[in-house]
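S.K.: Sending over a structure as C-alpha cells; questions will come in a sec.
The values are calculated or read from the model by the stated rules, or taken from the named source; none is laboratory data. Keep in mind it's a predicted model, so treat the numbers as computed, not measured. All Cβ positions, glycine included, derive from the backbone under ideal geometry; neighbour counts span all protein chains shown. Side chains included, ligands, DNA and RNA excluded: accessible areas come from the protein's heavy atoms. Shrake-Rupley method; radii C 1.70, N 1.55, O 1.52, S 1.80 Å.
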Amino acid sequence: MSDIITIVVAKYNYWLYIILMMIGLYAMIAKNNLVKKLVGMNIFQTAIILFYVSIGYKKDATIPIIENAHGGHGNTAHAIHAADYINPLPHVLMLTAIVVSVATLGVALALAVKIYQRYQTLEEDEIRMRLTENRLAENNK
Amino acid sequence: MMTNTVYPALVVIAPLLTALFCSGFSWVEKRICYPVAGAGLLVATYSAFRVLLEVLAEGTVQYRMAGWAPPFGIEFRIDLLNALVLLVVAAISLVNLVASHRFVIRDMDDRSGTFYAIYLLFVTGLLGVVATGDLFNLYVLLEITSLTSYAQIAMGDPDRGPLASLNYVFIGVIGASFYLLGVGYIYIKTGSLNMVDVASILPALQDSSAILIAFIFCMIGVWIKMALFPLHIWLPNAYTYAPLPASRVIAPLMTKVMVYVMIRLMLTVFGLDYIFEKLDIAKAVVWLSTAAILAGGVMALAQRDIKKMAAYIIVSEIGYMVGGAWLGNKIGMTGSILHIMNDAVMTFALFLAAGNLAFKLGDVRFKNLENSFAKMPWTMTGFVLAGFSIIGVPPTCGFFSKWYLVLGGIEAGAYHFVAALIISSLICAVLFFRIFEIGFFSGESHGRDHGHSAGPEMAEAPVSMLIPLGITSIFLIGLGLYSGVIVNRIIHPFLG
C-alpha cells in the first residue's frame, strides 16, 4: 500500500494530468448538453498542456534567463549549468497549443450558437429527436 | 542536402499569404479573391512540381526555416514520398478551385471572400503537414487543417452542417490531442522533435515503455483523424453535409494526408524494425483494416445518396491503405503509397462528377439521377471513369495500386486481406452499376410509359466545371498507364 502511495506522490503531476484528462474525456462522451461537452473538451486539452508544462520543470531551478550573461566579469562570471534552469521548450510549445485550443473552442462555440439558432436547444437528445421527426416528415411527403 | 532554392517554403507560404490577402480584401472587393486564390495555388503547384524535379535529380531537399540548423530549428524535409504527395495535394486543390467557382458564386456569393480565405488556409495546413520535418510543427499544421475544415463543413447544409461539424470537432480534438501526447512522450525520452533526429535516437530506446505508449498514442490519434474503422463515425455526416466546393477537397485530401502521416511516422520516425520486429501488432492492424474495407463497403451499399455513398467508400479505401502499409513487405507499402495518390485522384473525380450533378439536379440522391446519362453525357463519362477506377478496372489507376496491395497480401500470407480487397471490388461494382442503371434505363422506360418520344434535353454543367473533370479523368487513365514509371522512379527508390 505504501508503495503505491510513494509512486503516486513521486509522480503526482502525471497522475493529476491523467485524472483531468479522464474527467474531460468523460464529459465529452457522457454529457448530453453540447456546452458541457465543450467544457469537457477544454479540460481535456488543458490536461495535456499541464502534462507538457510539468515535463519542463526541474527541482530548484529558475526561469531560463541566464544570470550575469552580459555583466559578468572576473569572479562573478561562472559556468552555466543546465540543471539550474527549467527547460523552456515544452513551455514555448504550449503557448502554441494554448492558441490552438482557444481557436478550437472559439470555432466550437460558434457552431454551438448556430445549432442553437436552428433547433432552439443544446441538448443532444432533443436535437436528435427533431432530426428523426424531420426525416419522417420528409419520407411521408 | 541543404538547398538554396525557396520552393519548399514557397509551396506553403504562397497559399498562406493569399489567404491573408483574401480575408482582408473581401471587405473591399470580393471579385478579386478568386483570381488571387487561383494565383496562390498556381504558385504552390508550380513550386511543388519544381521540388519534385529537384528531389528526383538530387535526392532529399532540406529547407531550414530562418536558417536555424536542425534539430534546433524547424526544417522542411522533402524526399520522394512527400514531394509526390505535395504535388497531388497542390494540384487537386487548384483544379477544385477552378471547378468550384460557379458553385461559390451561386451558393455563397456573400461569403465568398471568407470561403476562399478558409479554403486557402486549409490547403496551407495540408501542404505544411506534408512538407514539415518536425513533429510538433506537424501537430500545429494539422490543427490549422482541422479548424479550417470544421469551418468549411459548417458552411454547408444549414440543418445538419453545424451539427456534423461539431461532432467532428469533438472527435478531431481527441485525435489531435492523442497525437500531441504521443509527441510529448517522444520528447521526454529523446529531447528532440526533429523527425530524423528522433529516428537516430530511438533505436537505443526500443525497450522503453514510454516509447511504446508514444507509438500507440500517435497511431490512435492519426487513425482517428483518418477515420479508420471503427473510429470513422464522424466522417460520413461531415463529408455529406459540407458544401460541395469544400467537401470535394476535404474528402479526397484530408484522409489521404493522414495516411501519409502514418506512413511517415512508421518509416521515418519509429522505423520498420521497431514496428514489425519489436511489436507484435501488425497482424491485428491488418485484421482491423480488413474489417474497415468490408464494413465501409457494406455501409456504402445501404446509402441512397452519391455523397454519402462516396463517404463510406472512403472509409473502405482507408482500410486498403492502412492494411497495405502494415503488411510488412515492400510490395504492400508500394501499393499503399501508390494508392494515396490514386485514391486522392479517383475520389476527387467522383466528387467532381457528383458536384456537376448536384449543380444541375439540386442534390445527388439516387432517385434524382434518372436519365442523367442523356442529360449530362460528359459528366457521366467522368463519373463512369471514376467508378471504374474505384472498382479497379485495368486501364484506370485504381487497378494498379490494388494489384500491388493484392500481391503484398499474398506475399505476407494475409489471405483475409486479399479476400477483403476482392470482395470490396465486387461491392463497388454493385454500387456503381446500380447508379449506371438508374442513369441509363429507369428514366427512359418512364418516358416511354408516358408516351414521350423525344429524349430528354441536354442540360450539361458549365464548361468551367467540365474541363476540371475532364483533366482529372485523363489523369485517372494516365496515372494508370504510367504507374510503372511512378513506382520505379519514385516509390522504389524511396523505399530503397
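S.K.: With +1 on each Lys and Arg Cβ and -1 on each Asp and Glu Cβ, and nothing else charged, work out how big the dipole of region B:280-496 is about its Cα centre, in Debye to the nearest 20.
M.R.: Numbers: 13 positive and 12 negative charges, 37 e Å.
For this selection, approximately 180 debye.
S.K.: Summarise the partner chain shielding of B:180-189 as one whole number: the mean count of Cβ atoms from other chains within 10 Å of each residue's Cβ. Present the calculation step by step, with values, prior to reporting the outcome.
M.R.: Working: counts 9, 6, 0, 2, 7, 2, 0, 7, 4, 0.
Partner Cβ neighbours, averaged per residue: 4.
S.K.: I need the shape label for chain A. Rule: rounded when a/c is under 1.5, else prolate if a/b > b/c, else oblate, with a, b, c from the alpha carbon gyration tensor. Don't skip to the answer; put the middle values down first.
M.R.: Numbers: a/c = 6.44, a/b = 2.35, b/c = 2.75.
Taking the square roots of the gyration eigenvalues as a ≥ b ≥ c, chain A is oblate.
S.K.: Please report, to two decimal places, log10 I(q)/I(0) for the protein assembly as shown at q = 0.05, 0.06, 0.07, 0.10 Å⁻¹ as given by the Debye formula with identical point scatterers on the Cα atoms and no solvent.
M.R.: -0.23, -0.33, -0.45, -0.92
S.K.: Would you please classify the overall shape of region B:280-496 from the alpha carbon gyration tensor, given that a ≥ b ≥ c denote the square roots of the eigenvalues, rounded means a/c under 1.5, and beyond that prolate means a/b larger than b/c while oblate covers the rest?
M.R.: Numbers: a/c = 2.85, a/b = 1.84, b/c = 1.55.
Because a/c hits 1.5 or more and a/b exceeds b/c, region B:280-496 counts as prolate.
S.K.: Within 10 Å, count the other beta carbons around each residue, average over each peptide in B:128-137, B:263-272, and list them highest first.
M.R.: Details: B:128-137: 25.3, B:263-272: 19.8.
Top of the packing list down: B:128-137, B:263-272.
S.K.: If I model a spin label as a point 7 Å beyond the Cα along the Cα-Cβ vector, how far apart are those points for residue A:95 and residue A:134 in nm?
M.R.: That separation, rounded to one decimal, is 4.3 nm.
S.K.: Distance between Cα centroids, region B:354-373 to region B:175-211: provide it in whole Å.
M.R.: First find each Cα centre; the distance between them is then 49 Å.
S.K.: Determine, from the Cβ-Cβ distance of residue B:489 and residue B:360 and an R0 of 35 Å, the FRET efficiency 1/(1 + (r/R0)^6), rounded to the nearest 0.05. All intermediate terms of the calculation are to be shown ahead of the outcome.
M.R.: Values: r = 40 Å, r/R0 = 1.16.
Working from the Cβ atoms, E equals 0.30.
S.K.: Would you work out the relative contact order for chain A, in percent, from Cα pairs under 8 angstrom that are 6 or more residues apart? Don't skip to the answer; put the middle values down first.
M.R.: Numbers: 112 pairs, mean separation 32.2, N = 141.
Contact order relative to length: 23 percent.
S.K.: Ok, one more. Place a point 7 Å from Cα of residue B:111 in the direction of its Cβ. Which residues in region B:148-189 have their backbone N less than 20 Å from it?
M.R.: In region B:148-189, the label zone of residue B:111 (backbone N under 20 Å from the point 7 Å along Cα→Cβ) covers B:148-170.
S.K.: Between residue B:305 and residue B:9, what is 0.36 nm times their sequence separation minus the Cα-Cα distance? Round to one decimal in nm.
M.R.: Details: separation 296, 0.36 × 296 = 106.56 nm, distance 4.04 nm.
Length gained between residue B:305 and residue B:9: 102.5 nm.
S.K.: In nm, what is the difference between 0.36 nm times the number of residues separating residue B:481 and residue B:39 and their Cα-Cα distance?
M.R.: Numbers: separation 442, 0.36 × 442 = 159.12 nm, distance 3.04 nm.
So the chain would gain 156.1 nm between residue B:481 and residue B:39.
S.K.: Using 1/(1 + (r/R0)^6) with R0 = 35 angstrom and r between the beta carbons of residue A:19 and residue B:159, what's the FRET efficiency to the nearest 0.05? It would help to have the intermediate numbers written out before the result.
M.R.: Working: r = 39 Å, r/R0 = 1.10.
According to the calculation, E is roughly 0.35.
S.K.: So what is the relative contact order for region B:280-496, in percent, with contacts set as C-alpha pairs under 8 Å and at least six apart? Write down the numbers at each step before the final one.
M.R.: Details: 328 pairs, mean separation 59.5, N = 217.
Across region B:280-496, relative contact order equals 27 percent.
S.K.: Output the relative contact order of chain B, whole-number percent, from Cα pairs under 8 angstrom with separation of 6+ residues.
M.R.: Details: 847 pairs, mean separation 69.0, N = 496.
Computed value for chain B: 14 percent relative contact order.
S.K.: So if we plug the beta-carbon distance of residue B:273 and residue B:419 into 1/(1 + (r/R0)^6) with R0 = 25 Å, what FRET efficiency do we get, rounded to 0.05? Spell out each step's value before the answer.
M.R.: Numbers: r = 29 Å, r/R0 = 1.17.
After rounding, the FRET efficiency stands at 0.30.
S.K.: Between their Cα atoms, which of A:37/B:189; B:256/B:307; B:283/B:402 are more than 25 Å away from each other?
M.R.: Details: A:37/B:189 33 Å; B:256/B:307 18 Å; B:283/B:402 19 Å.
Exceeds cut-off: A:37/B:189.
S.K.: Which residue, A:59, A:37, A:114, has the most motion in a Gaussian network model of chain A that connects Cα atoms within less than 10 Å?
M.R.: Result for chain A, Cα springs under 10 Å: A:59 fluctuates most.
S.K.: With every protein chain in place, what's the accessible area of residue B:89 (1.4 Å probe, Å², nearest 10)?
M.R.: 0
S.K.: Among A:15, B:21, B:183, whose Cα lies farthest out toward the positive end of the dipole of the protein assembly as shown, if unit charges sit on the beta carbon of Lys, Arg (+1) and Asp, Glu (-1)?
M.R.: Comparing the listed Cα positions along the dipole, B:21 ranks first.
S.K.: Further question on the same structure: Testing the spin-label approximation: label points 7 Å from Cα along Cα→Cβ at residue A:116 and residue A:87. State their distance in nm.
M.R.: 4.2
S.K.: Ignore the peptide's own chain and count Cβ atoms of other chains within 10 Å of each Cβ in A:84-90; give me the average, rounded.
M.R.: Working: counts 0, 0, 0, 2, 0, 6, 4.
Partner Cβ neighbours, averaged per residue: 2.
S.K.: Simple spin-label model, 7 Å along Cα-to-Cβ: residue A:65 to residue A:1 in nm?
M.R.: 4.9
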